[in-house]
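Nothing in this text is a laboratory measurement; each read-out follows from the coordinates by a stated rule. Owing to the predicted nature of the structure, the values given are computational and were not obtained by experimental measurement. Ideal geometry is used to build each Cβ from the backbone, glycine not excepted, and the neighbour counts take in all protein chains shown.
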Amino acid sequence: MAYHGPSYGLSRECQMKVLRKLTRDELFAMLVSQAKFDLTRARESCDWVEGVTGLTLDWPSSDGLVDQLAFGHALKDGVALCTLMNVLLPGAVPRISTMKAPFKQRENLELFLKGCENYGLKSQDLFQVNDLYENKNLYMVVDCLFALGGLAQKRGFDGPVIGVKVAMENKRNFSQDKLKESQKIIGLQYGSNKGASQAGMTAYGTGRQIIPGEAQKIVSTDSHKIIGLQSGSNKGASQAGMTPYGAPRQIIPDECVKKNKHNRERSSLPHSVEDVSHDSLGSHDEDSASSAVDEDSYSQSSVTEQEIGIGDSGDYER
């Protein structure tokens, strides 16, 4: 929607009704258009038009350019723009209409835009007729004049200048071999591995060595053979005293273990009556021999009970 400035009374009420009917996107576009308009740049472009054409723009008030509405009013009829185009490119606009009829003013704007395109201005630098005639996007008109001034400098215009000069084309011709060489280079858009290296990295699966940079230089190669504490430690681990795999677990108090060992030593003595009477007892009588047999048989029975897992508590484990 075009921006027509502040309204009062009945015009204000009509304007508010129109604003209520606008969608959110249309209202946002109108506000953005007003925010993009730069009064300083608009004043520079108007001064450039007056300097090139020698005309005096028709301002709506004696204050001159005070807002974007005054800018649109001065260039709305298209007479100053068509005259500017004829100065830059003679014969670009064959006939300039001075009538105040809206369709004639629109025609002048269309002829100006066509002349800019023939002059070499790109389509993205142009504006639409309604952008100026209905005050929709006046900032695009300012941008168009700045682009036109930069193109005029490129084409060697010796009058007043505005904007940045468009760079001259510097076309280069490369051979096919040179173009093929360029296809072998990976551009920086894909990233870069310049300087990447795996030097000094530990082998896969080894412990991570947390060593400062200065200390890393004095570390010997033998230190890499040591598994760091970050990976765990088995220091002091031993299987001494563990039962073989599959054997029953012996639950025996410490005193029973000592008694069991003593009984096993005694079980290695001779067990027959004859051995006792001849080897150990000598001249003892038969009663003494029988008592020795009873004592040894008791030792064998106690050793057998201890070996099969019967303790003082009478528990039995297989």
Using a simple spin-label model with points 7 Å from Cα along the Cα→Cβ vector, what separation in nm is obtained for Thr56 and Val164?
3.6 nm
Given just the C-alpha atoms of the range 116-183, how large is their convex hull per residue in cubic angstrom?
143 Å³
Of Gly78, Ile96, Trp59, which is farthest towards the positive pole of the range 50-113's charge dipole, taken about the Cα centre with +1 and -1 on the beta-carbons of Lys, Arg and Asp, Glu respectively?
Ile96
Given charges at beta-carbon only (K, R positive; D, E negative), |dipole| of the range 51-200 in Debye
740 debye
Applied in sequence order to the range 140-150, the curve 6.51 cos²θ - 1.76 cosθ + 1.60 (Karplus, θ = phi - 60°) yields integer Hz couplings, x standing for Gly and Pro, of 6, 5, 4, 4, 5, 5, 5, 5, 5, x, x
The range 25-169: radius of gyration and largest Cα-Cα distance (Dmax), Å
14.6, 45
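Which length gain, in nm to one decimal place, applies between Phe157 and Arg95 when the Cα-Cα distance is subtracted from 0.36 nm times their residue separation? Numbers along the way, then the final one.
Numbers: separation 62, 0.36 × 62 = 22.32 nm, distance 2.27 nm.
Difference between extended and current length: 20.0 nm.
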Distance check, please: which entries in Lys114/Lys136; Lys122/Lys184; Lys122/Lys180; Lys114/Lys178; Lys114/Lys180 exceed 30 angstrom between their Cα atoms?
Lys122/Lys184; Lys122/Lys180; Lys114/Lys178; Lys114/Lys180
